[in-house]
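Asks: Please find one structure pasted underneath; my questions will follow.
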Amino acid sequence: MQNYKIAVLKGDGIGPEIVNESIKVLDAVAEKCGFTVEYDEALLGGSAIDAVGVPLPDETVAKCKAADSTLLGAVGGPKWDSLPGNVRPEKGLLGIRSALGLFANLRPARIFEPLRDASPLRADIINGSLDIMVVRELTGGIYFGERGRLNENGVEAAYDTEKYSVTEIERIARIGFDMAMKRSKKLCSVDKANVLESSRLWRETVTKMSKEYPEVELSFMYVDNCAMQLVRNPSQFDVILTSNIFGDILSDEASMISGSIGMLASASLGASGAGLYEPIHGSAPDIAGQNKANPLATILSVAMMLKYSLGQPEASDVIEKAVAEVLTEARTPDIYVDGFRKVTCSEMGDLVCAKIKAL
Ligand code: IPM
Ligand code: MG
(Lines give C-alpha, C1' and ligand atoms only; values in the text may rest on other atoms or scores of the structure.)
(Ligands and ions follow the chains in the order given, each with its own letter.)
Protein backbone atom coordinates (compact mmCIF):
# COMPACT_ATOMS: atom_id res chain seq x y z
CA MET A 1 0.00 0.00 0.00
CA GLN A 2 1.26 3.48 -0.85
CA ASN A 3 2.48 5.36 2.22
CA TYR A 4 3.07 9.13 2.36
CA LYS A 5 5.19 11.06 4.83
CA ILE A 6 3.72 14.44 5.71
CA ALA A 7 5.53 17.06 7.75
CA VAL A 8 3.04 18.85 10.02
CA LEU A 9 3.61 22.43 11.19
CA LYS A 10 0.64 23.29 13.38
CA GLY A 11 1.96 26.75 14.22
CA ASP A 12 0.17 29.26 16.44
CA GLY A 13 -3.31 30.47 17.37
CA ILE A 14 -5.98 28.37 15.69
CA GLY A 15 -3.26 26.47 13.78
CA PRO A 16 -3.29 23.34 15.98
CA GLU A 17 -7.12 23.10 15.96
CA ILE A 18 -7.55 23.37 12.21
CA VAL A 19 -4.61 21.07 11.46
CA ASN A 20 -5.94 18.39 13.83
CA GLU A 21 -9.24 18.35 11.94
CA SER A 22 -7.40 18.19 8.62
CA ILE A 23 -5.36 15.20 9.77
CA LYS A 24 -8.58 13.44 10.77
CA VAL A 25 -9.92 14.10 7.29
CA LEU A 26 -6.73 12.95 5.56
CA ASP A 27 -6.80 9.72 7.58
CA ALA A 28 -10.44 9.17 6.65
CA VAL A 29 -9.83 9.68 2.94
CA ALA A 30 -6.67 7.52 3.08
CA GLU A 31 -8.68 4.66 4.52
CA LYS A 32 -11.36 5.10 1.90
CA CYS A 33 -8.96 5.33 -1.04
CA GLY A 34 -6.45 2.72 0.12
CA PHE A 35 -3.24 4.49 1.15
CA THR A 36 -1.59 5.37 4.45
CA VAL A 37 -0.13 8.56 5.87
CA GLU A 38 2.61 9.04 8.44
CA TYR A 39 2.95 12.41 10.20
CA ASP A 40 6.07 14.11 11.44
CA GLU A 41 5.41 17.20 13.56
CA ALA A 42 7.80 20.14 13.69
CA LEU A 43 7.87 23.65 15.15
CA LEU A 44 7.28 26.88 13.23
CA GLY A 45 6.53 30.49 14.17
CA GLY A 46 5.71 31.71 17.65
CA SER A 47 5.56 28.24 19.14
CA ALA A 48 9.08 27.62 17.82
CA ILE A 49 10.28 30.94 19.27
CA ASP A 50 8.88 29.93 22.67
CA ALA A 51 10.36 26.43 22.54
CA VAL A 52 13.77 26.97 20.97
CA GLY A 53 14.21 30.73 20.47
CA VAL A 54 13.96 30.90 16.64
CA PRO A 55 10.89 30.94 14.32
CA LEU A 56 12.34 28.34 11.94
CA PRO A 57 14.54 25.68 13.56
CA ASP A 58 16.90 23.76 11.22
CA GLU A 59 15.19 20.55 12.26
CA THR A 60 11.91 21.84 10.81
CA VAL A 61 13.50 22.50 7.42
CA ALA A 62 15.08 19.03 7.46
CA LYS A 63 11.76 17.34 8.30
CA CYS A 64 9.92 19.21 5.54
CA LYS A 65 12.64 18.35 3.01
CA ALA A 66 12.38 14.67 3.94
CA ALA A 67 8.58 14.63 3.57
CA ASP A 68 6.35 14.08 0.54
CA SER A 69 4.65 17.36 1.45
CA THR A 70 4.08 19.73 4.34
CA LEU A 71 0.80 20.69 5.98
CA LEU A 72 0.84 24.03 7.77
CA GLY A 73 -1.71 25.74 10.05
CA ALA A 74 -0.90 29.40 10.65
CA VAL A 75 1.69 31.47 12.48
CA GLY A 76 1.82 34.66 14.51
CA GLY A 77 -0.02 36.37 17.30
CA PRO A 78 0.05 39.43 19.58
CA LYS A 79 2.43 37.68 21.97
CA TRP A 80 5.26 37.98 19.43
CA ASP A 81 4.25 41.27 17.76
CA SER A 82 6.83 43.38 19.56
CA LEU A 83 9.78 41.20 18.49
CA PRO A 84 12.16 42.64 15.86
CA GLY A 85 11.38 41.75 12.22
CA ASN A 86 14.01 39.05 11.77
CA VAL A 87 12.78 36.93 14.68
CA ARG A 88 9.03 37.34 14.25
CA PRO A 89 6.88 34.23 13.62
CA GLU A 90 6.18 35.44 10.05
CA LYS A 91 9.90 35.24 9.36
CA GLY A 92 9.60 31.48 9.96
CA LEU A 93 6.86 31.21 7.34
CA LEU A 94 8.83 33.20 4.76
CA GLY A 95 11.91 31.17 5.70
CA ILE A 96 10.30 27.78 5.11
CA ARG A 97 8.82 28.91 1.76
CA SER A 98 12.26 30.06 0.72
CA ALA A 99 14.20 27.08 2.15
CA LEU A 100 11.95 24.68 0.22
CA GLY A 101 12.17 26.78 -2.97
CA LEU A 102 8.39 27.20 -3.15
CA PHE A 103 8.18 30.02 -5.68
CA ALA A 104 4.62 29.38 -6.86
CA ASN A 105 1.61 29.97 -4.67
CA LEU A 106 -1.74 28.81 -6.01
CA ARG A 107 -4.75 30.38 -4.34
CA PRO A 108 -8.09 29.31 -5.79
CA ALA A 109 -11.03 31.57 -4.93
CA ARG A 110 -14.35 30.13 -5.89
CA ILE A 111 -17.87 30.14 -4.79
CA PHE A 112 -19.25 27.09 -3.03
CA GLU A 113 -22.87 26.85 -4.19
CA PRO A 114 -24.33 26.43 -0.68
CA LEU A 115 -22.36 29.47 0.46
CA ARG A 116 -23.63 31.94 -2.13
CA ASP A 117 -25.59 33.73 0.59
CA ALA A 118 -22.48 34.15 2.71
CA SER A 119 -20.73 36.34 0.15
CA PRO A 120 -20.70 40.02 1.09
CA LEU A 121 -21.03 40.81 -2.62
CA ARG A 122 -24.50 41.44 -4.08
CA ALA A 123 -26.15 38.45 -5.70
CA ASP A 124 -26.15 40.10 -9.15
CA ILE A 125 -22.37 40.60 -8.90
CA ILE A 126 -21.61 36.99 -8.06
CA ASN A 127 -24.15 35.45 -10.39
CA GLY A 128 -22.85 32.73 -12.64
CA SER A 129 -19.90 30.59 -11.80
CA LEU A 130 -16.99 32.17 -10.04
CA ASP A 131 -13.69 30.37 -10.07
CA ILE A 132 -10.51 32.41 -9.90
CA MET A 133 -6.99 31.06 -9.52
CA VAL A 134 -4.50 33.52 -8.13
CA VAL A 135 -0.95 32.49 -9.09
CA ARG A 136 1.27 34.43 -6.70
CA GLU A 137 5.07 34.59 -6.87
CA LEU A 138 6.21 33.52 -3.41
CA THR A 139 9.95 33.68 -2.90
CA GLY A 140 10.92 37.03 -4.43
CA GLY A 141 9.99 40.66 -4.66
CA ILE A 142 9.68 43.05 -1.75
CA TYR A 143 9.23 40.20 0.75
CA PHE A 144 12.81 39.10 0.15
CA GLY A 145 14.48 42.25 -1.24
CA GLU A 146 17.00 44.34 0.59
CA ARG A 147 15.55 46.29 3.50
CA GLY A 148 16.86 48.44 6.26
CA ARG A 149 16.84 51.58 8.33
CA LEU A 150 18.65 54.80 7.55
CA ASN A 151 19.39 58.01 9.28
CA GLU A 152 18.70 60.88 6.92
CA ASN A 153 20.06 64.03 8.51
CA GLY A 154 18.85 63.01 11.93
CA VAL A 155 15.49 61.68 10.69
CA GLU A 156 14.94 57.95 10.82
CA ALA A 157 13.88 56.29 7.54
CA ALA A 158 13.22 52.71 6.43
CA TYR A 159 13.15 51.02 3.03
CA ASP A 160 12.16 47.73 1.38
CA THR A 161 13.09 46.79 -2.17
CA GLU A 162 10.93 45.28 -4.91
CA LYS A 163 13.23 43.41 -7.31
CA TYR A 164 12.51 40.67 -9.85
CA SER A 165 14.88 38.95 -12.26
CA VAL A 166 13.79 37.64 -15.65
CA THR A 167 14.43 34.10 -14.37
CA GLU A 168 12.09 34.61 -11.42
CA ILE A 169 9.40 36.15 -13.61
CA GLU A 170 9.69 33.42 -16.26
CA ARG A 171 9.31 30.51 -13.86
CA ILE A 172 6.20 31.91 -12.18
CA ALA A 173 4.73 33.08 -15.50
CA ARG A 174 5.15 29.55 -16.85
CA ILE A 175 3.04 28.24 -13.96
CA GLY A 176 0.44 30.89 -14.81
CA PHE A 177 0.36 30.06 -18.53
CA ASP A 178 0.25 26.30 -17.87
CA MET A 179 -2.57 26.81 -15.37
CA ALA A 180 -4.48 28.91 -17.93
CA MET A 181 -4.04 26.13 -20.52
CA LYS A 182 -5.63 23.64 -18.07
CA ARG A 183 -8.51 26.00 -17.37
CA SER A 184 -10.28 28.46 -19.66
CA LYS A 185 -7.12 29.78 -21.38
CA LYS A 186 -7.41 33.27 -19.95
CA LEU A 187 -4.51 34.84 -18.09
CA CYS A 188 -4.50 38.28 -16.50
CA SER A 189 -1.08 39.49 -15.38
CA VAL A 190 -1.38 42.10 -12.64
CA ASP A 191 1.28 44.73 -11.98
CA LYS A 192 1.92 48.43 -11.46
CA ALA A 193 3.81 49.02 -14.70
CA ASN A 194 2.71 52.65 -14.85
CA VAL A 195 5.00 53.31 -11.87
CA LEU A 196 7.36 50.42 -11.07
CA GLU A 197 10.37 49.40 -13.16
CA SER A 198 10.14 45.84 -11.79
CA SER A 199 6.57 45.72 -13.15
CA ARG A 200 7.75 46.91 -16.56
CA LEU A 201 10.26 44.06 -16.72
CA TRP A 202 7.49 41.71 -15.54
CA ARG A 203 5.25 42.85 -18.41
CA GLU A 204 7.99 42.60 -21.04
CA THR A 205 8.90 39.09 -19.89
CA VAL A 206 5.32 37.84 -19.79
CA THR A 207 4.65 39.37 -23.23
CA LYS A 208 7.65 37.55 -24.72
CA MET A 209 6.55 34.27 -23.19
CA SER A 210 3.04 34.62 -24.55
CA LYS A 211 4.39 33.68 -28.00
CA GLU A 212 4.87 30.15 -26.64
CA TYR A 213 1.21 30.09 -25.61
CA PRO A 214 -0.72 31.33 -28.65
CA GLU A 215 -3.94 29.81 -27.33
CA VAL A 216 -3.87 31.78 -24.10
CA GLU A 217 -5.72 35.08 -24.13
CA LEU A 218 -3.32 37.29 -22.18
CA SER A 219 -4.28 40.60 -20.63
CA PHE A 220 -2.56 43.04 -18.29
CA MET A 221 -4.11 45.03 -15.51
CA TYR A 222 -2.81 47.51 -12.97
CA VAL A 223 -3.16 46.26 -9.44
CA ASP A 224 -5.36 49.14 -8.27
CA ASN A 225 -7.79 48.50 -11.10
CA CYS A 226 -7.69 44.76 -10.38
CA ALA A 227 -8.62 45.41 -6.75
CA MET A 228 -11.64 47.33 -8.00
CA GLN A 229 -12.60 44.85 -10.74
CA LEU A 230 -12.54 41.93 -8.26
CA VAL A 231 -15.51 43.39 -6.42
CA ARG A 232 -17.16 45.04 -9.43
CA ASN A 233 -17.13 42.14 -11.87
CA PRO A 234 -15.18 39.17 -10.49
CA SER A 235 -16.36 36.71 -13.13
CA GLN A 236 -14.15 38.41 -15.76
CA PHE A 237 -11.15 36.69 -14.14
CA ASP A 238 -9.87 33.18 -14.52
CA VAL A 239 -6.12 32.96 -13.80
CA ILE A 240 -4.50 36.00 -12.18
CA LEU A 241 -0.69 36.02 -12.33
CA THR A 242 1.04 38.41 -9.98
CA SER A 243 3.94 39.28 -7.70
CA ASN A 244 4.41 38.29 -4.09
CA ILE A 245 2.97 41.38 -2.42
CA PHE A 246 0.17 42.05 -4.92
CA GLY A 247 -0.82 38.36 -4.69
CA ASP A 248 -0.91 38.57 -0.91
CA ILE A 249 -3.33 41.48 -1.03
CA LEU A 250 -5.49 40.39 -3.96
CA SER A 251 -5.93 36.84 -2.65
CA ASP A 252 -7.39 38.13 0.62
CA GLU A 253 -9.74 40.29 -1.39
CA ALA A 254 -10.68 37.46 -3.74
CA SER A 255 -11.35 35.18 -0.78
CA MET A 256 -14.32 37.28 0.29
CA ILE A 257 -16.10 36.34 -2.92
CA SER A 258 -16.40 32.89 -1.39
CA GLY A 259 -18.00 34.26 1.75
CA SER A 260 -15.25 33.74 4.26
CA ILE A 261 -11.49 33.78 4.33
CA GLY A 262 -11.99 30.62 6.40
CA MET A 263 -12.74 28.73 3.18
CA LEU A 264 -9.66 29.40 1.05
CA ALA A 265 -6.91 26.85 0.56
CA SER A 266 -3.49 27.29 -0.95
CA ALA A 267 -0.66 25.28 -2.43
CA SER A 268 2.95 26.43 -2.53
CA LEU A 269 5.02 24.60 -5.10
CA GLY A 270 8.60 24.57 -6.30
CA ALA A 271 10.75 22.57 -8.63
CA SER A 272 10.28 19.29 -6.74
CA GLY A 273 6.86 17.65 -6.51
CA ALA A 274 6.62 18.20 -2.77
CA GLY A 275 4.70 21.27 -1.72
CA LEU A 276 3.51 23.16 1.29
CA TYR A 277 -0.20 23.40 1.87
CA GLU A 278 -1.84 25.96 4.11
CA PRO A 279 -5.02 27.99 4.47
CA ILE A 280 -4.63 31.58 3.26
CA HIS A 281 -5.98 32.96 6.55
CA GLY A 282 -3.92 33.76 9.61
CA SER A 283 -3.73 32.40 13.14
CA ALA A 284 -6.85 34.26 14.40
CA PRO A 285 -5.56 34.68 17.97
CA ASP A 286 -8.92 36.17 19.06
CA ILE A 287 -10.67 32.81 18.69
CA ALA A 288 -7.73 30.46 19.33
CA GLY A 289 -8.33 27.53 21.67
CA GLN A 290 -12.11 28.00 21.60
CA ASN A 291 -12.97 25.31 19.05
CA LYS A 292 -14.71 27.95 16.92
CA ALA A 293 -12.40 28.19 13.91
CA ASN A 294 -13.42 27.05 10.45
CA PRO A 295 -11.14 24.11 9.53
CA LEU A 296 -12.37 23.94 5.92
CA ALA A 297 -9.60 26.07 4.37
CA THR A 298 -7.03 23.67 5.80
CA ILE A 299 -9.09 20.61 4.91
CA LEU A 300 -9.34 21.94 1.34
CA SER A 301 -5.58 22.51 1.40
CA VAL A 302 -5.24 18.78 2.07
CA ALA A 303 -7.38 18.22 -1.02
CA MET A 304 -4.94 20.37 -3.01
CA MET A 305 -2.02 18.36 -1.59
CA LEU A 306 -3.59 15.11 -2.77
CA LYS A 307 -4.07 16.57 -6.24
CA TYR A 308 -0.87 18.55 -6.80
CA SER A 309 1.75 16.58 -4.82
CA LEU A 310 0.59 13.08 -3.90
CA GLY A 311 -0.95 11.99 -7.19
CA GLN A 312 -4.29 11.09 -5.58
CA PRO A 313 -6.80 13.17 -7.57
CA GLU A 314 -9.70 10.91 -6.64
CA ALA A 315 -9.06 11.31 -2.93
CA SER A 316 -8.88 15.05 -3.55
CA ASP A 317 -12.30 15.01 -5.22
CA VAL A 318 -13.74 12.97 -2.35
CA ILE A 319 -12.74 15.67 0.14
CA GLU A 320 -14.15 18.46 -2.02
CA LYS A 321 -17.44 16.62 -2.47
CA ALA A 322 -17.67 15.89 1.25
CA VAL A 323 -17.06 19.56 2.08
CA ALA A 324 -19.70 20.71 -0.40
CA GLU A 325 -22.24 18.31 1.11
CA VAL A 326 -21.49 19.28 4.70
CA LEU A 327 -21.99 22.94 3.81
CA THR A 328 -25.61 22.24 2.92
CA GLU A 329 -26.21 21.28 6.56
CA ALA A 330 -23.69 22.73 8.96
CA ARG A 331 -21.70 25.94 9.42
CA THR A 332 -18.97 27.22 11.69
CA PRO A 333 -19.67 30.70 13.14
CA ASP A 334 -17.79 32.59 10.38
CA ILE A 335 -20.16 31.29 7.68
CA TYR A 336 -23.23 30.75 9.82
CA VAL A 337 -26.66 31.87 8.62
CA ASP A 338 -30.11 31.06 10.03
CA GLY A 339 -31.50 27.66 9.22
CA PHE A 340 -28.23 25.73 9.48
CA ARG A 341 -26.69 23.74 12.27
CA LYS A 342 -24.03 25.80 14.02
CA VAL A 343 -21.01 23.59 14.65
CA THR A 344 -17.61 23.78 16.29
CA CYS A 345 -14.28 23.27 14.58
CA SER A 346 -14.04 19.63 15.67
CA GLU A 347 -17.68 18.91 14.80
CA MET A 348 -17.01 20.27 11.31
CA GLY A 349 -14.03 17.90 10.99
CA ASP A 350 -16.15 14.97 12.20
CA LEU A 351 -18.92 15.80 9.74
CA VAL A 352 -16.50 15.90 6.80
CA CYS A 353 -15.06 12.52 7.88
CA ALA A 354 -18.55 11.04 8.14
CA LYS A 355 -19.42 12.27 4.64
CA ILE A 356 -16.21 10.80 3.28
CA LYS A 357 -17.08 7.39 4.74
CA ALA A 358 -20.60 7.62 3.33
CA LEU A 359 -19.58 8.73 -0.19
C1 IPM B 1 -0.19 34.90 3.58
C2 IPM B 1 0.18 35.66 4.82
C3 IPM B 1 1.69 35.77 4.92
C4 IPM B 1 2.17 36.49 3.67
C5 IPM B 1 2.20 36.46 6.19
C6 IPM B 1 1.68 35.78 7.45
C7 IPM B 1 3.69 36.54 6.23
O8 IPM B 1 -0.45 36.90 4.83
O9 IPM B 1 0.23 33.73 3.45
O10 IPM B 1 -0.90 35.47 2.74
O11 IPM B 1 2.16 37.72 3.62
O12 IPM B 1 2.58 35.79 2.74
MG1 MG C 1 -1.81 37.19 3.24
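The values are calculated or read from the model by the stated rules, or taken from the named source; none is laboratory data. In this text, all values refer to a predicted model and were calculated from it rather than measured experimentally. Quick reminder, even Gly has a Cβ in these numbers, built from the backbone with ideal geometry, and neighbours come from all protein chains shown. Calculation scope for accessible area: heavy atoms of the full protein, side chains included, ligands and nucleic acids excluded. Shrake-Rupley method; radii C 1.70, N 1.55, O 1.52, S 1.80 Å.
Asks: Using the Karplus equation 6.51 cos²θ - 1.76 cosθ + 1.60 (θ = phi - 60°), what ³J(HN,Hα) coupling, rounded to whole Hz, does each residue of the range 131-148 give in order, writing x for Gly and Pro?
Replies: Karplus values, whole Hz, x for Gly and Pro: 8, 10, 10, 8, 9, 9, 5, 10, 10, x, x, 5, 5, 10, x, 4, 9, x.
Asks: If I take every Cα pair under 8 Å that is 6 or more residues apart in the chain, average their sequence separation and divide by the length, what percent do I get for the relative contact order?
Replies: The value is 23 percent.
Asks: Tell me the label-point distance for the pair LYS5, MET181, using the 7 Å Cα-to-Cβ offset, in nm and rounded to one decimal.
Replies: 3.3 nm
Asks: What number comes out for the charge environment of ARG200, summing +1 per Lys or Arg and -1 per Asp or Glu over other residues with Cβ under 10 Å away?
Replies: Charge balance in the 10 Å sphere: -1.
Asks: Got a sec to turn the phi values of the range 275-284 into Karplus ³J(HN,Hα) couplings, 6.51 cos²θ - 1.76 cosθ + 1.60 with θ = phi - 60°, whole Hz, x for Gly and Pro?
Replies: x, 10, 10, 8, x, 7, 7, x, 8, 6
Asks: Would you mind counting up the charge near ILE111? Only other residues with Cβ under 15 Å from its Cβ, with Lys and Arg at +1 and Asp and Glu at -1.
Replies: Surrounding charge for ILE111 is -3.
Asks: Place +1 on the Cβ of every Lys and Arg and -1 on the Cβ of every Asp and Glu in the range 120-248, take the dipole about the Cα centre, and give the residue among ALA173, VAL216, ALA158 whose Cα lies farthest towards its positive end.
Replies: The one lying farthest along the dipole's positive direction is VAL216.
Asks: Oh, and also: Which three extents, in whole angstrom, do the alpha-carbon atoms of the range 37-149 cover along their principal axes, largest first?
Replies: Principal-axis extents of the Cα atoms in the range 37-149, largest first: 51, 44, 27 Å.
Asks: Charges on Cβ only, +1 for Lys and Arg, -1 for Asp and Glu, centred on the Cα centroid of the range 38-128; of LEU83, SER119, ALA48, which one is farthest towards the dipole's positive end?
Replies: Going by the Cα projections, it comes out as SER119.
Asks: Just from its helices, what would the mean residue ellipticity at 222 nm be for the chain, if runs of 4 or more DSSP H residues each count -39500 (n - 2.57) and the sum is divided by every residue, rounded to the nearest 500 deg cm²/dmol?
Replies: -12500 deg cm²/dmol
Asks: What dipole magnitude, in Debye to the nearest 20, does the range 120-248 give about its Cα centre under +1 on Lys/Arg Cβ and -1 on Asp/Glu Cβ?
Replies: The dipole of the range 120-248 has a size of about 340 debye.
Asks: Just to confirm, what accessible area per residue do you get for the range 120-248 at 1.4 Å probe, in whole Å²?
Replies: Roughly 51 Å² per residue, with all protein chains present.
Asks: In addition: Please give the direction-averaged projected area of the C-alpha convex hull for the chain, in square nanometres with one decimal.
Replies: Here the figure is 19.0 nm², rounded to one decimal.
Asks: Hey, what did the range 120-248 get for relative contact order, percent, Cα under 8 Å, at least 6 apart?
Replies: 40 percent
Asks: Let's see if you can work this out: charge +1 on each Lys and Arg Cβ, -1 on each Asp and Glu Cβ, no other charges. What is the dipole magnitude of the range 206-359 about its Cα centre, in debye to the nearest 20?
Replies: Computed charge dipole of the range 206-359: roughly 200 debye.
Asks: Between PHE103, SER346, GLY148, whose Cα lies farthest towards the positive end of the dipole of the chain when Lys and Arg beta carbons carry +1 and Asp and Glu beta carbons carry -1, centred on the Cα centre?
Replies: Sorting the options by dipole projection puts first PHE103.
Asks: Cα centroids of the range 1-39 and the range 43-120: how far apart, whole angstrom?
Replies: About 16 Å separates the Cα centre of the range 1-39 from the one of the range 43-120.
Asks: For the chain, what is the charge dipole size about the Cα centre, in debye to the nearest 20, if Lys and Arg each add +1 at the Cβ and Asp and Glu each add -1 at the Cβ?
Replies: So the dipole magnitude of the chain works out to roughly 520 debye.
Asks: Would you mind checking LYS186/LYS355; LYS5/LYS79; LYS79/LYS292; LYS186/LYS307; LYS24/LYS357; LYS32/LYS182 for any pair whose Cα atoms are more than 24 angstrom apart?
Replies: LYS186/LYS355; LYS5/LYS79; LYS32/LYS182
Asks: Additional query: GNM on the chain, C-alpha springs below 10 Å: top fluctuator among LEU276, LEU201, LEU306?
Replies: With Cα springs under 10 Å in the chain, the top fluctuation among LEU276, LEU201, LEU306 is at LEU201.
Asks: Another question, then. Taking 20 °C and 1.002 mPa s as the conditions, I'd like the Stokes-Einstein D for the range 120-248 in µm²/s, using the Kirkwood hydrodynamic radius from alpha carbon pairs.
Replies: The diffusion coefficient I find is 135 µm²/s.
Asks: Also, I was wondering about something else. Short version: ³J(HN,Hα) in whole Hz for each residue of the range 5-14, in order, from phi by Karplus 6.51 cos²θ - 1.76 cosθ + 1.60 (θ = phi - 60°), x for Gly and Pro, what are they?
Replies: 9, 10, 7, 10, 10, 6, x, 10, x, 6
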